[in-house]
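Data first, discussion second: the structure below is written as structure tokens.
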Amino acid sequence: MKLGKRSIKFENTPIILETASIVGPKEKAGPLSETFDRCIDDVYFGEKTFEKAESKFMKETVNLAITKSGINKSLIDYVFAGDLLNQCISSG
């Protein structure tokens with residue numbers, strides 16, 4: 001249920017069905033490399049600019065989480081995401 005323009009109140013307790021992570025070469029080289037779903041060697045992820053790569057990382061990660069959950073994406077009401085830029089450019 002909406003509470004104003006930017007707030008919601010859940011009628012049922014939300015649940016997290018699945019998570020996903022796709023990272024670049026620096027994260028892959030770190031101590032948590034075995035915990036990520038996918039590690040990409042190219043920081044540009046095959047794109048021409050970093051901004052396009054960042055968008056592709058986000059889209060691919062969301063699609064991976066949906067696939068891992070096993071549910072149809074039409075059943076998803078909300079997605080919560082963030083990024084390390086502290087500006088939430090991609091996740092916005």
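Kindly indicate the residue of segment 9-38 that is out of contact with any Cys (no Cβ under 8 Å at 6 or more places or on another chain) and open to solvent by less than 60 Å² (accessible area, probe 1.4 Å) and also farthest from LYS59 (Cα to Cα) among those meeting that condition.
Checked segment 9-38; the qualifying residue farthest from LYS59 (Cα to Cα) is GLY30.
Only one of these is under 29 Å from SER7 (Cβ atoms) and at pLDDT below 90: SER69, SER91. Name it.
Values: SER69 fails: at pLDDT below 90.
SER91 is the lone residue from the list that is under 29 Å from SER7 (Cβ atoms) and at pLDDT below 90.
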Within segment 16-33, residues of a type in the set (A, V, I, L, M, F, W, C), modelled with pLDDT of 90 or more and more than 21 Å from PHE50 (Cα to Cα) come out as LEU32
Looking for something assigned to a strand (DSSP E or B), within 16 Å of the chain's Cα centre (by Cα) and of a type in the set (Val, Ile, Thr) - is there at least one such residue anywhere in segment 40-52? no
The condition from (1) surrounded by 15 or more Cβ atoms within 10 Å (Cβ to Cβ); (2) at pLDDT below 90; (3) assigned to a loop (DSSP other than H, G, I, E, B); (4) not β-branched (Val, Ile, Thr) that SER55 misses is numbered (3)
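The values are calculated or read from the model by the stated rules, or taken from the named source; none is laboratory data. Only a predicted model underlies this, so the values are computations on that prediction, with no experimental measurement involved. Cβ: placed from backbone, ideal geometry, glycine included. Neighbour counts: every protein chain shown. SASA here: full protein model, heavy atoms, side chains in, ligands and nucleic acids out. Shrake-Rupley method; radii C 1.70, N 1.55, O 1.52, S 1.80 Å.
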